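Heads up, the thing below is written out as structure tokens.
The values are calculated or read from the model by the stated rules, or taken from the named source; none is laboratory data. Predicted model only: the values in this text are computed from it and were never measured. Cβ sites come from the backbone with ideal geometry, for glycine too, and all protein chains shown count toward neighbours.
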Ligand code: PEP
């Protein structure tokens, strides 16, 4: 764990227009403009329409804040009306892109197969996918959270070479904890994150598994982040609602303070 840089990412979902994005990132930059936060990697994941504004700001101020998108098309170009390609995101100097967020799986028909294609598309364009996996409430009630989540992992990583897998980020996001205020206990988060790392070791090697950062996501706030981060296989957080409040997100980034 000590060799993995903690990684806090803010998923803005469909919030903040491009002007609000500028104000928000400026606040983050100001609050994080000291040495301490360099020990923690920080990224924002705004809507597509904000990316150019965020890029300009980050370029101009040489900020250490990274950014990425919330989705990408599995195809590189062509007749896919309404879609955004990995090439376009790479041109905007995105570092990351989330793949398979539960809201996309739930409302936009994202399947394990499309996640696999999108993970590969991200790597084709030099973007690091933040692969989101996690069980719904009925699965947890049945005690099947580990096998369910590992199945999603296997499917999304099918035929992905180790050289790519080692730079992946995985976000374990139990669906029942997203946007509900009901955070998983640190032990619940560790159970599944530990199992994910175990499966990554089986699929690739212990060495590759030890390099991959695994985030927890689901109602993370400044008040609960430290306990979750204390778990051996939790390397960061994917933060939704709380990332829209700059002060709160900064406190999450500074979870060690
Ligand atoms: C998310 O959108 O990935 C998320 C974890 O949301 P929230 O923090 O609001 O639960």
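Screening residue 96 on (1) away from the ligand (no atom under 14 Å from the Cβ); (2) within 20 Å of the chain's Cα centre (by Cα) shows it passes everything except condition (1).
Only residues that are part of a helix (DSSP H, G or I) and either in contact (Cβ under 8 Å) with a residue 60 or more places away in the chain or within 19 Å of residue 238 (Cα to Cα) (or both) were counted in the range 122-136, giving 1.
In this structure, does residue 248 turn out to be more than 15 Å from the ligand (Cβ to nearest atom) and in a helix (DSSP H, G or I)?
Values: more than 15 Å from the ligand (Cβ to nearest atom): no; in a helix (DSSP H, G or I): yes.
Taking the combined requirement at face value, the residue does not satisfy it.
Just checking, does the range 149-165 include any residue being at pLDDT 95 or above and under 17 Å from residue 7 (Cβ atoms)?
For the range 149-165, residues at pLDDT 95 or above and under 17 Å from residue 7 (Cβ atoms): present.
Residues that are closer than 30 Å to residue 206 by Cβ and without any contact (Cβ under 8 Å) to a residue 12 or more places away in the chain are absent from the range 74-84 altogether. Considering each residue of the range 135-143 in turn, none proves to be in contact with a helix residue (DSSP H, G or I) (Cβ under 8 Å, 6 or more places away or on another chain), under 24 Å from residue 205 (Cβ atoms), surrounded by 15 or more Cβ atoms within 10 Å (Cβ to Cβ) and at pLDDT 95 or above. Has the range 168-185 got at least one residue that is more than 17 Å from residue 238 (Cα to Cα), surrounded by 24 or more Cβ atoms within 10 Å (Cβ to Cβ) and modelled with pLDDT of 95 or more? Within the range 168-185, none of the residues are more than 17 Å from residue 238 (Cα to Cα), surrounded by 24 or more Cβ atoms within 10 Å (Cβ to Cβ) and modelled with pLDDT of 95 or more.
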